[in-house]
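The values are calculated or read from the model by the stated rules, or taken from the named source; none is laboratory data. Not measured: the values here are computed from a predicted model. Here the Cβ positions follow ideal geometry from the backbone for every residue, glycine too, while neighbour counts run over all protein chains shown. Ligands, DNA and RNA are stripped out before the accessible areas are found, and what is left, the full protein with its side chains, is counted by its heavy atoms. Shrake-Rupley method; radii C 1.70, N 1.55, O 1.52, S 1.80 Å.
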Amino acid sequence: MPDPDTFVVTPYEVRGKIDYARLREQFGTQELTRELLARLHQAAGGELHPLLSRGIYYSHRDLGPLLDGYLAGHPFFLYSGRGPSGPLHTSHLAQFDLCRWFQRRFGVPMYIQITDDEKFWARSGLTREETAHWGLENLYDILALGFDPKRTHVFFDSRSIAALYPLAIRIARKIPYSTVKAVFGFEPSTNIGLVFYTALQSVPCFWPSWAEGHSVPCLIPCGIDQDPHFRVTRDIAEGLGYPKPALLHSQMVPGLLGDAAMSTTGNVADNALFLNDPPATVDRKIRNAFTGGRATVEEQRRLGATPEICSVWALWRTRFAESDAKFAEVTAGCRSGALLCGECKGQLLERVHRFYDEHAQAREKAKGWAESTIVTEAPKPI
Ligand code: TRP
């Protein structure tokens, strides 16, 4: 039997019950404190995004200096990405929801990397046609969240390689094989695509500095599972004459079946809400989702339920409780036993369906301008 306290978090594997405080210590990242959030609040000139105020983003690297720079007149840019392996699910939106908030509040450019090479190298069951297909489909969903077409740029790895490669050449020379082997746990059988890949994921961190010919700081909102890549990037940044990227790390959104992450790598489709699930499937998945409820109505009325372990509460928390008041109401009702799971799921479903309807419309519009965001040329010859 594996030790229940054992958990694994790497860019290629998330497993076990994650102790997030311990993970932050293992990774050596900084805590996202109330003081820092208050500074961010002030710099943003308005309410914090719920993903920040509700503690889903909980860790960072160098957010303080990035804010100092911004307040002193040095704007930053945002960078995040997606390794396409299938349709997006709602938990993938956390990083892009936060980016969109930053783009609106700070008026900064956004760079999105779609790594249609990465998952082809990392997962044996996927064809190139599939990763390229899902790359484009995922991009429509991401852009539909409300990114500014004029300030949003996409590196679609297989199509943007001419734009990425001149920097990738320089980056790759700085990364010894022993580093990637230790950081990612590569085996002798790991294909060499994956060994090189981390160089490509680093490129966007430096690309605007390269293009503009002066230092442009980078902020990466991402799941904490991606931190190992950027540890490597940060280690080599100064040697290349570029600023180290700053990071904001989120916890993983739990799966509907009670797993640590909303992942379907194990082919358990009911663990996640896919953005292309038809309404009846969304209904079924949420109705069957793991909750923190009691065995009987009587017990729940008497003792209350446990939001912290509930996958439905996690959906409210990470996306679907639009106001803090609604979130507080659901949480208190759950804990006291006033709100039963069936009623809670019904209320959530109403909001999820509304989001799916609005998203479908925004997605059709985004399809019209998605191609124009894809960067295909290097800014300089060498
Ligand atoms: N490796 C990420 C994934 O598997 C994709 C990615 C590329 C990414 N660049 C990124 C994620 C920057 C976060 C930030 O989905």
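Please determine, by comparing only the residues of segment 161-187 that are in a loop (DSSP other than H, G, I, E, B) and open to solvent by less than 40 Å² (accessible area, probe 1.4 Å), which one is farthest from Glu238 (Cα to Cα). Here the residue is Phe186.
Here's the yes/no breakdown for (1) among the hydrophobic types (A, V, I, L, M, F, W, C); (2) in a loop (DSSP other than H, G, I, E, B):
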{"position": "His249", "(1), (2)": "no, no"}
{"position": "Met252", "(1), (2)": "yes, yes"}
{"position": "Leu257", "(1), (2)": "yes, yes"}
{"position": "Ala260", "(1), (2)": "yes, yes"}
{"position": "Thr264", "(1), (2)": "no, yes"}
{"position": "Thr281", "(1), (2)": "no, no"}
{"position": "Ile286", "(1), (2)": "yes, no"}
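For residues that are outside any helix (DSSP H, G or I) and among the hydrophobic types (A, V, I, L, M, F, W, C), tally how many sit in segment 207-247. So that I can check it myself, show each step before the final result.
Residues of segment 207-247 that are outside any helix (DSSP H, G or I), as a first pass: 213-223, 241-247.
In the following step, the residues that additionally are among the hydrophobic types (A, V, I, L, M, F, W, C) were identified as 216, 218-220, 222, 246-247.
Final tally of qualifying residues: 7.
Kindly indicate whether any position in segment 270-284 is over 20 Å from Ser91 (Cα atoms) and buried (at least 17 other Cβ atoms within 10 Å of the Cβ). Taking every residue of segment 270-284 in turn, none turns out to be over 20 Å from Ser91 (Cα atoms) and buried (at least 17 other Cβ atoms within 10 Å of the Cβ). Can you tell me which residues in segment 265-301 are in contact with a Gly (Cβ under 7 Å, 6 or more places away or on another chain) and in contact (Cβ under 8 Å) with a residue 24 or more places away in the chain? Selection gives Ala272, Phe290, Gln300, Arg301.
Residues that are of a type in the set (Asp, Glu) and open to solvent by 50 Å² or more (accessible area, probe 1.4 Å) number at least 2 in the following helices (runs of 4 or more DSSP H) confined to segment 305-382: 324-336, 341-369. Every condition in (1) farther than 30 Å from Leu67 by Cβ; (2) within 12 Å of the ligand (Cβ to nearest atom); (3) touching a strand residue (DSSP E or B) at 6+ places or on another chain (Cβ under 7 Å); (4) not charged (D, E, K, R) is met by Pro228 except one, and the failing one is (1). Against the numbered list (1) surrounded by fewer than 20 Cβ atoms within 10 Å (Cβ to Cβ); (2) modelled with pLDDT of 95 or more, Asn267 comes up short only at (2).
What do you reckon, is Arg24 open to solvent by 60 Å² or more (accessible area, probe 1.4 Å) and either within 15 Å of the ligand (Cβ to nearest atom) or basic (Lys, Arg) (or both)?
Numbers: open to solvent by 60 Å² or more (accessible area, probe 1.4 Å): no; either within 15 Å of the ligand (Cβ to nearest atom) or basic (Lys, Arg) (or both): yes.
Answer is no for this residue.
Can you tell me which residue within segment 356-370, out of those that are more than 22 Å from the chain's Cα centre (by Cα) and without any contact (Cβ under 8 Å) to a residue 12 or more places away in the chain, is farthest from Arg159 (Cα to Cα)? Here the answer is Asp357.
The single residue among Val352, Val297, Val330 that is within 24 Å of the chain's Cα centre (by Cα) and among the β-branched types (Val, Ile, Thr) turns out to be Val352. If the condition is being open to solvent by less than 50 Å² (accessible area, probe 1.4 Å), over 20 Å from the mean Cα position of the chain (by Cα) and away from the ligand (no atom under 15 Å from the Cβ), then segment 188-224 contributes Thr190, Ser209, Trp210, Ala211, Val216. Of all residues in segment 104-150, those being under 17 Å from Gly368 (Cβ atoms) and over 18 Å from the mean Cα position of the chain (by Cα) number 3. For segment 252-307, the set of residues classified as out of contact with any helix residue (DSSP H, G or I) (no Cβ under 9 Å at 6 or more places or on another chain), within 30 Å of Leu139 (Cα to Cα) and aliphatic (A, V, I, L, M) consists of Ala260, Val268, Ala280, listed by residue number.
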